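What follows is one structure encoded as structure tokens, with my remarks underneath.
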Amino acid sequence: MQQSAMVGGALAGLGSVQACASSGAAGGAPQRSALESAVIPARGAASAIKQSVCRWCFNDMSLDELAANAKRIGLHSVELIGPTDFPTIKKHGLMCAMVSQAGPGGIPKGWNRVDNHSWLIPAYEERIALVAQEKWPNVICFSGNRAGLGDDEGLENCAKGLKQLMPAAEKAGVTVCMELLNSKVNHPDYQCDHTAWGVKLVEKVGSERFKLLYDIYHMQIMEGDVIHTIRDNHRHIAHYHTAGVPGRHEIDESQELFYPAVMKAIADTGYTGYVAQEFVPLKKEQGMASLEDAYKRCAV
């Protein structure tokens, strides 16, 4: 009984230490919107990484519930949502670090087809204007699938359309981010599937308002060498996504990447943007526990 009492006391003391740590303020990266000042401080030690969560990974719960949990955990943002969902996250003092794509094309039909530019450009101009009203930073876009189109031609076509969009993005102060996706497992035939191709596109478009969304999960599958790639290309990257490899599940010890080291490499580049958790929990009922664990692993 005495031993049990001692153990119980030690655990209680540990809980007190954790509770004290949870009240610590978040790191001092510049805030992008007035709304962010309402977000509760990040738990644990001060972190250089500001975190977000992707809505689609937790579609088993309402957006209202996800936003409440995200705020409780210490995240700043719920992302990959459209304008109709903006009021819900704002109600919780959150913002959207990466707004969903514009137009009906989804991932397969994107900027690599000139025929798509006639509807992509006006759709994105409208979406950019709405994002600018909120003073939020980014909107996502996709290259589209190859469907027999060569990589050089696809690159030229993407650049041609995106250059026409840049005046609106530059005026609004909103960055259009093309996501790097794997074509090996999840998105067969997707064209922007290697960092080098994406970097060439950024350089060809030639605007500070067009950059890459570097998805760590996808690029680990396609290329590996994640930390080295980030260090070499960080100036072309405006946003990051996470997930465990293989499987796209939790970023814990069950997968091959060590996310604290990846986050430290990102922070060491001077990055002041957002990293979004985009893993799908193995057990939906434990989703928020997994999200909190991922948050702590990335809070470097």
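The values are calculated or read from the model by the stated rules, or taken from the named source; none is laboratory data. None of these values were measured; they are calculated from a predicted model. Neighbour counts run over all protein chains shown; Cβ positions are idealised from the backbone, glycine included. These area figures cover heavy atoms from the full protein model, side chains too; ligands, DNA and RNA do not enter into them. Shrake-Rupley method; radii C 1.70, N 1.55, O 1.52, S 1.80 Å.
The table for this structure:
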{"item": "Neighbours by Cβ (under 7 Å, 6+ apart or cross-chain): first from the range 57-86, within 20 Å of residue 282 (Cβ to Cβ); second of a type outside the set (Ser, Thr, Tyr) and part of a loop (DSSP other than H, G, I, E, B)", "result": "57/278; 57/279; 57/280; 70/94"}
{"item": "Looking only at the range 97-119, and only at residues there that are more than 20 Å from residue 214 (Cβ to Cβ) and either under 19 Å from the mean Cα position of the chain (by Cα) or charged (D, E, K, R) (or both), the one that is least open to solvent (accessible area, probe 1.4 Å)", "result": "102"}
{"item": "The range 110-122: number of residues that are closer than 16 Å to residue 177 by Cα and assigned to a loop (DSSP other than H, G, I, E, B)", "result": "3"}
{"item": "Residue match in the range 191-208 (condition: charged (D, E, K, R) and within 28 Å of residue 67 (Cα to Cα))", "result": "no"}
{"item": "Residue match in the range 32-54 (condition: among the hydroxyl-bearing types (Ser, Thr, Tyr), open to solvent by 50 Å² or more (accessible area, probe 1.4 Å) and at pLDDT 95 or above)", "result": "no"}
{"item": "Of all residues making up the range 80-96, the number that are open to solvent by 20 Å² or more (accessible area, probe 1.4 Å) and of a type outside the set (D, E, K, R)", "result": "6"}
{"item": "Search result, residues across the range 56-77 that are farther than 13 Å from residue 288 by Cβ and either surrounded by 21 or more Cβ atoms within 10 Å (Cβ to Cβ) or aromatic (Phe, Trp, Tyr) (or both)", "result": "56, 76, 77"}
{"item": "Enumeration of residues in the range 163-201 that are within 16 Å of residue 143 (Cβ to Cβ), of a type in the set (A, V, I, L, M) and touching a strand residue (DSSP E or B) at 6+ places or on another chain (Cβ under 6 Å)", "result": "176, 178, 180, 181"}
{"item": "Scope the range 125-148; condition open to solvent by 10 Å² or more (accessible area, probe 1.4 Å), small (Gly, Ala, Ser) and on the phi > 0 side of the Ramachandran plot; matching residues", "result": "147, 148"}
